[in-house]
Structure formats: structure tokens, C-alpha cells
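Colleague: Next up is a structure, given as C-alpha cells.
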Amino acid sequence: QVQLVESGGGLVQAGGSLRLSCAASGGVFDIRSMGWYRQAPGKQRELVARIFNDGSTNYEDSVKGRFTVSRDNAKNTMSLHMNSLKPEDTAVYYCNAVILRQMNLYPSWGQGTQVTVSS
């Protein structure tokens, strides 16, 4: 029902910056929150940052002070500004949205975008 498309990934040197973007489309839907997850080789997918409709956010500890998540509610888009990147940030980054439908919450996922940070 809801399609999420990420963009902005790529190769960057340690200490550099990237901005990821996510666009939601697919018709009428009620997004209660959006977030970024990442999955590195051999590791579980983990929450990076989440932003709620009121603008409140939460971050994984290792990215606090370096990453900033923002959202344009009118456009149903979300961005992740990534600064001071480290090789440990290398992962596939996924856009996520939590959709309210029939009084239940459902996750929707994008296809992912690769972020590679070289040392």
C-alpha cells in the first residue's frame, strides 16, 4: 500500500558527510512515525533514528551528535543528515514507516541504500 524509496547513499571518506532521503507514496495512508534502520554485514538490522509526527526523535547511541533526522510531514519525506562518518557506519540503510490502518500499526520498508565509509 505504501511505497518507500531511499536515495542518497554512496561512498564517502571517513569524516565526511552524506544525506539520505526517503519518499513515501502510494495513496492515502496515515504515517505515525518514520525512521532509518541499518544493517551491516553479519549483524542484525538496528534502529538508527526515528522521528514522530510531533517532531520528537530518538537516536541510536553511536550516532547521537553526528546524525540528524528530519521530516516534511506535508510531503511525506524524511532525511538523514550524516556527519563525521565512520567506517563503522557502513551498512545498508533502510527507510521505515509505521502505518496506522484499521486500528493496527504496520511497518513499511524501503529497498535500502548502501552507505560505505572508507578509512
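The values are calculated or read from the model by the stated rules, or taken from the named source; none is laboratory data. Given the structure is predicted, the values throughout are model-derived calculations rather than measurements. All Cβ positions, glycine included, derive from the backbone under ideal geometry; neighbour counts span all protein chains shown. The accessibility values were calculated without ligands, DNA or RNA, using every heavy atom of the protein model including side chains. Shrake-Rupley method; radii C 1.70, N 1.55, O 1.52, S 1.80 Å.
Colleague: Which ones in the range 89-108 are open to solvent by 40 Å² or more (accessible area, probe 1.4 Å), assigned to a strand (DSSP E or B) and either within 17 Å of Gly27 (Cβ to Cβ) or polar (S, T, N, Q) (or both)?
Modeller: Hits for the range 89-108 are Leu100, Arg101, Asn104, Tyr106.
Colleague: Filtering the range 57-88 down to residues that are of a type in the set (S, T, N, Q), open to solvent by 50 Å² or more (accessible area, probe 1.4 Å) and modelled with pLDDT of 95 or more, which residue is farthest from the chain's Cα centre (by Cα)?
Modeller: Looking at the filtered set, the residue picked out is Ser84.
Colleague: Now for a separate question. Scan the range 1-10 for residues that are within 17 Å of Phe67 (Cα to Cα) and either surrounded by 14 or more Cβ atoms within 10 Å (Cβ to Cβ) or touching a strand residue (DSSP E or B) at 6+ places or on another chain (Cβ under 6 Å) (or both) and jot them down.
Modeller: Hits for the range 1-10 are Glu6, Ser7, Gly8, Gly9.
Colleague: Just to be sure I understand the filter: pairs with C-beta atoms under 8 Å, separated by 6 or more residues or on different chains, first member in the range 42-62 and within 18 Å of Gly112 (Cα to Cα), second member in a loop (DSSP other than H, G, I, E, B). Which pairs pass?
Modeller: Glu46/Glu60; Leu47/Glu60; Val48/Glu60; Ala49/Glu60
Colleague: Another question, then. Would a scan of the range 22-36 turn up a residue that is open to solvent by 60 Å² or more (accessible area, probe 1.4 Å), assigned to a strand (DSSP E or B), charged (D, E, K, R) and under 11 Å from Ala97 (Cα atoms)?
Modeller: Yes, because at least one residue in the range 22-36 is open to solvent by 60 Å² or more (accessible area, probe 1.4 Å), assigned to a strand (DSSP E or B), charged (D, E, K, R) and under 11 Å from Ala97 (Cα atoms).
Colleague: Here is a follow-up. Tell me which residues, restricted to the range 52-88, are over 29 Å from Gly42 (Cα atoms), in a strand (DSSP E or B) and of a type in the set (A, V, I, L, M, F, W, C).
Modeller: Answer for the range 52-88, where residues must be over 29 Å from Gly42 (Cα atoms), in a strand (DSSP E or B) and of a type in the set (A, V, I, L, M, F, W, C): just Phe52.
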